[in-house]
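The values are calculated or read from the model by the stated rules, or taken from the named source; none is laboratory data. As the structure is a prediction and not an experimental result, all values here were calculated from the model. Here the Cβ positions follow ideal geometry from the backbone for every residue, glycine too, while neighbour counts run over all protein chains shown.
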């Protein structure tokens with residue numbers, strides 16, 4: 001697995017998930033005892049196999065909460081937004097539990113018990129999350145980080161991680177400048193240069209040293225850093241630290257040597273085989289579940305556009321290793337949308353989009369025919385979204401490292417799609433590239449599954465649709 005588990009925020013999320021798993025399981029048991037209070041015979045009858053039933057109940061709700069983004073370390077929303085997302089997750093999970101009862105009738109616990117358990121679990125999780133997040137935000141429990149360097153790179157990091165939610169799980173104690181390096185970070189965060197690195201580490205109880213000097217050639221105190229390692233202090237390069245904590249690669253901090261030597265880019269034969277197997281299994285499941293929606297979409301397009309108008313739309317896209325392929329979509333725009341042959345990004349309230357097309361784009365129904373591209377091996381279920389050759393040529397000339405995203409097959413869903421809204425400018429494409437590079441470096445089956453589950457939130461809330 002990628003460096004996810006090395007992040008302090010990720011450890012808190014795992015702990016949060018485990019605690020909530022027990023709370024959810026306990027809610028079903030509590031609901032059972034309340035429902036049959038004073039009725040020992042009925043309680044004994046309906047308490048059979050309660051551990052298994054409680055586990056199914058808890059796991060389905062946890063998966064629904066994952067799908068609604070309730071376990072993202074970088075999540076930023078209001079308290080009302082958190083409650084709304086949890087409510088939708090419980091509705092989604094409730095449907096999932098009902099389906100599970102039909103599939104496995106032995107798991108059925110009764111409508112009264114289920115309704116009471118969902119109510120108890122909802123209130124219990126709201127209370128627990130409020131207390132838990134206050135605990136996580138306590139400075140005493142955060143990793144104490146010392147930044148080695150106070151120049152331009154340090155200033156970039158300081159500006160990029162200003163929000164409290166960006167620094168969940170760690171606290172920057174200060175910035176230690178190096179000789180000959182201009183001080184660009186705020187003066188109140190600068191630590192005296194006359195103090196040795198070891199002295200600061202011991203006095204400030206530092207957990208991790210982040211190396212972010214502007215010029216490392218001859219400016220790194222290697223003996224001091226080696227001493228820190230011997231003391232059990234983690235020493236991390238700035239780009240790696242930022243990637244680990246933010247879930248994206250910052251282009252302004254990036255240099256080619258880091259990409260070459262930082263690890264990742266897992267393209268072993270076993271990984272390729274497992275990814276292809278995952279693609280085929282997921283594409284088959286999605287086809288079985290979504291064919292009624294695909295049929296309804298095709299009929300709606302035919303009814304709106306009339307006979308003789310195309311239902312599907314073929315568009316050339318750039319795939320793995322720069323090879324082009326023909327991507328399939330349900331047609332969501334007028335047939336004369338690009339009559340001049342010039343590629344254009346979709347814009348907000350684009351007048352080229354049809355009435356049915358607006359609904360299709362909002363719910364991502366227009367993307368479903370790409371399952372055929374997955375079966376053909378031209379795309380994956382999860383990966384960077386494919387762009388058109390004309391746009392790719394322009395972006396490669398304007399954005400450094402843009403071609404790196406083509407070392408994998410493009411995907412139906414992607415880390416950039418759940419982390420960043422729709423991009424229709426070069427600047428927004430550069431922002432999405434940060435997440436694509438993170439995925440390219442760190443992709444694995446578990447990461448793919450998490451992305452696929454969290455894509456449900458993107459579809460339900462229509463984030464990034466145009």
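Restricted to strands (runs of 3 or more DSSP E) entirely inside region 161-271, those with at least 3 residues that are outside the structural domain of residue 439 (by TED's automatic domain parsing) and over 30 Å from residue 404 (Cα atoms) are 170-176. In region 311-352, the qualifying residues are those that are touching a helix residue (DSSP H, G or I) at 6+ places or on another chain (Cβ under 7 Å) and part of a loop (DSSP other than H, G, I, E, B), and the one that is modelled with the lowest pLDDT is 343. A residue that is under 30 Å from residue 79 (Cα atoms), surrounded by 15 or more Cβ atoms within 10 Å (Cβ to Cβ), modelled with pLDDT under 80 and in contact with a helix residue (DSSP H, G or I) (Cβ under 9 Å, 6 or more places away or on another chain) can be found somewhere in region 169-180. The set of residues from region 393-412 being more than 19 Å from residue 249 (Cβ to Cβ) and touching a strand residue (DSSP E or B) at 6+ places or on another chain (Cβ under 6 Å) comprises 409, 412. Against the definition (under 23 Å from the mean Cα position of the chain (by Cα), buried (at least 16 other Cβ atoms within 10 Å of the Cβ) and closer than 26 Å to residue 289 by Cα), how does residue 365 come out, yes or no? Criteria met by residue 365. The residues in region 378-410 that are more than 22 Å from residue 331 (Cα to Cα) and assigned to a loop (DSSP other than H, G, I, E, B) can be counted, and the count is 6. Report yes if residue 90 is modelled with pLDDT of 90 or more, within 26 Å of residue 134 (Cα to Cα) and assigned to a helix (DSSP H, G or I), otherwise no. It is true that residue 90 is modelled with pLDDT of 90 or more, within 26 Å of residue 134 (Cα to Cα) and assigned to a helix (DSSP H, G or I).
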